[in-house]
Amino acid sequence: MKNQEKIKIGFAGGGTGGHIYPILAVHESLKGSAHENYEFVYFVSEGKPEEKIAQENNIKAKSIPCVGGMPRSAKAIAWIFDLVKASFKAYSFLALEKPNIVFATGGYSAAPVLMAANWLKIPYIIHNLDAHLGLANLVFIKNSLALTLGMPLTVTHQEKDENKIEINKTLFKFFPTYPKNGSVIITGNPVRKEFYSDIESKEKIFQTLGFHQKRKTLTIIGGSQGAQAINEAVLRVVEDLISDNWQIIHQLGPLQYEQFEIDFPKSPFYKPYKYLNNLHKIYAISDLAISRAGAMSLAELSAKELPCLLIPLPSSAQNHQFHNAKILETQGCALVLEQAFLNEVSLRENIENIYKRRHLMKLGFNNLGSENQNQKNAAQLISEIIKEAIQ
């Protein structure tokens, strides 16, 4: 590989922002390295956010038919045919582009690419974002050069009255599928550099939003696709919150923005958005956030050390968002409110509780210790793993 004029690195993973932004962070780290011969190609799903984001970040993209998540029904048979069809398309692109290695972050967008990489014997590295192994990662882990972990994997023991979470116990001693000849490395989740710096003054950000620095600031993020239950609950209490000296930044997701637009309060202290692409600035001026508990949402909140109320998506695979959220709650950085208990009263109570404890909760991020430090260096560490693999 050393004598090769160009070294090409392929990326796979998407569907939601959580699978896309780690790729951008690793791409940024590799692009900034001393090696001048890297080329990049992002194998994206047609019509999904990564297609546009790759273009915005000047990354060459090859679009593959989107297969979506595997249905747990008779429709799975048709889905398998769609997956095979998409995999043949990925095969043609991989054969044409000839990447030296593929870095994949999982999700349904990565599955056809990893299948094709297996057929073509192209080496790949898998990054697992959450506290549970994603299905696509689980299927393709065996032949990966390395498995990098954004979080320690957890095992859940269901008991009659409670859930016990055993942090730092991996699934590997229970599950036979792991890299056959590769390494397993806890790297943390790669977060873009702007989350670790304040390149713009808070005063200027407040001015841009038309907000007041003396009011309390609440940011609500339901993920890049939105979160209907959270949006509904927030809009039922938003006028009370404004009366209580809050100003609110609310990302609803593109579809739900249109659905709820008629319910938006006519107030200068409520700012609704379809999608926020400057979240690092928004978090810099926020007193607290309400969020789902996807791995990248938690990584970005941790990077900004922002106290938060986490409302895990109950339908997340293997309930992984609940386990993700519990890691932060255990360290004192967050409170967890399960969606089944989400209502106007519980929402208001948790917001006020976190605001009163916000300074102590900020200190809780120190309890993450080496995990938070790993996360800060995650993009660089994964870049070094990729570089080592292609030597």
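The values are calculated or read from the model by the stated rules, or taken from the named source; none is laboratory data. Quick caveat: nothing in here was measured; it's all calculated off a predicted structure. Please note: Cβ atoms are built from the backbone with ideal geometry, for glycine as well, and neighbour counts cover all protein chains shown.
Residues in the stretch 161-168: is at least one at pLDDT below 80, assigned to a helix (DSSP H, G or I) and of a type outside the set (Val, Ile, Thr)? No, every residue in the stretch 161-168 fails to be at pLDDT below 80, assigned to a helix (DSSP H, G or I) and of a type outside the set (Val, Ile, Thr).
Give me the residue from the stretch 1-15 that is at pLDDT 80 or above and part of a loop (DSSP other than H, G, I, E, B) and, out of that set, surrounded by the most Cβ atoms within 10 Å (Cβ to Cβ).
Taking the stretch 1-15 as the starting set, the residues that turn out to be at pLDDT 80 or above are 6-15.
Checking the rest, the ones that are also part of a loop (DSSP other than H, G, I, E, B) come to 6, 13-15.
Numbers: Lys6: 10, Gly13: 33, Gly14: 27, Gly15: 23.
Among them, the one singled out is Gly13.
Report yes if Lys304 is within 25 Å of Leu138 (Cα to Cα), within 19 Å of the chain's Cα centre (by Cα) and of a type in the set (D, E, K, R), otherwise no. So Lys304 fails the test.
Condition check ((1) at negative phi; (2) free of Cβ contacts under 8 Å to residues at least 60 places away in the same chain; (3) among the charged types (D, E, K, R)) across all residues:
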site	(1), (2), (3)
His19	yes, no, no
Ile23	yes, no, no
Glu39	yes, yes, yes
Glu46	yes, yes, yes
Pro49	yes, no, no
Ile53	yes, yes, no
Glu56	yes, yes, yes
Ile59	yes, yes, no
Gly68	no, yes, no
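For Leu347, are the conditions met, namely being assigned by TED's automatic domain parsing to the domain that holds Pro314, modelled with pLDDT of 95 or more and not in a helix (DSSP H, G or I)?
Values: assigned by TED's automatic domain parsing to the domain that holds Pro314: yes; modelled with pLDDT of 95 or more: yes; not in a helix (DSSP H, G or I): no.
No.
Of all the residues that make up the stretch 206-232, how many are among the hydrophobic types (A, V, I, L, M, F, W, C) and either within 19 Å of the chain's Cα centre (by Cα) or more than 15 Å from Tyr270 (Cα to Cα) (or both)?
Going residue by residue through the stretch 206-232, those that are among the hydrophobic types (A, V, I, L, M, F, W, C) are 206, 209, 211, 218, 220-221, 227, 229-230.
With either within 19 Å of the chain's Cα centre (by Cα) or more than 15 Å from Tyr270 (Cα to Cα) (or both) added as a condition, the list becomes 220-221, 227, 229-230.
So the count comes out to 5.
Only one of Ser29, Ser45 is modelled with pLDDT of 90 or more, crowded, with 20+ Cβ neighbours inside 10 Å and more than 16 Å from Ala111 (Cα to Cα). Can you tell me which?
Details: Ser45 fails: more than 16 Å from Ala111 (Cα to Cα).
After ruling out the rest, the residue left standing is Ser29.
Leu288: of a type outside the set (Gly, Ala, Ser), touching a Leu at 6+ places or on another chain (Cβ under 8 Å) and assigned by TED's automatic domain parsing to the domain that holds Leu342, yes or no?
Working: of a type outside the set (Gly, Ala, Ser): yes; touching a Leu at 6+ places or on another chain (Cβ under 8 Å): yes; assigned by TED's automatic domain parsing to the domain that holds Leu342: yes.
The answer is yes for Leu288.
Anything in the stretch 186-207 that is of a type in the set (Ser, Thr, Tyr) and either touching a Cys at 6+ places or on another chain (Cβ under 6 Å) or surrounded by 12 or more Cβ atoms within 10 Å (Cβ to Cβ) (or both)? List them, or say none. I'd like the intermediate steps shown before the answer.
Filtering the stretch 186-207 for residues of a type in the set (Ser, Thr, Tyr) gives 187, 196-197, 201.
Within the stretch 186-207, Thr187, Tyr196 qualify.
Pairing each residue of the stretch 240-261 that is on the phi > 0 side of the Ramachandran plot with any residue that is of a type in the set (A, V, I, L, M, F, W, C), provided the two are 6+ apart or on different chains, yields C-beta distances under 8 Å for Gly253/Ala227.
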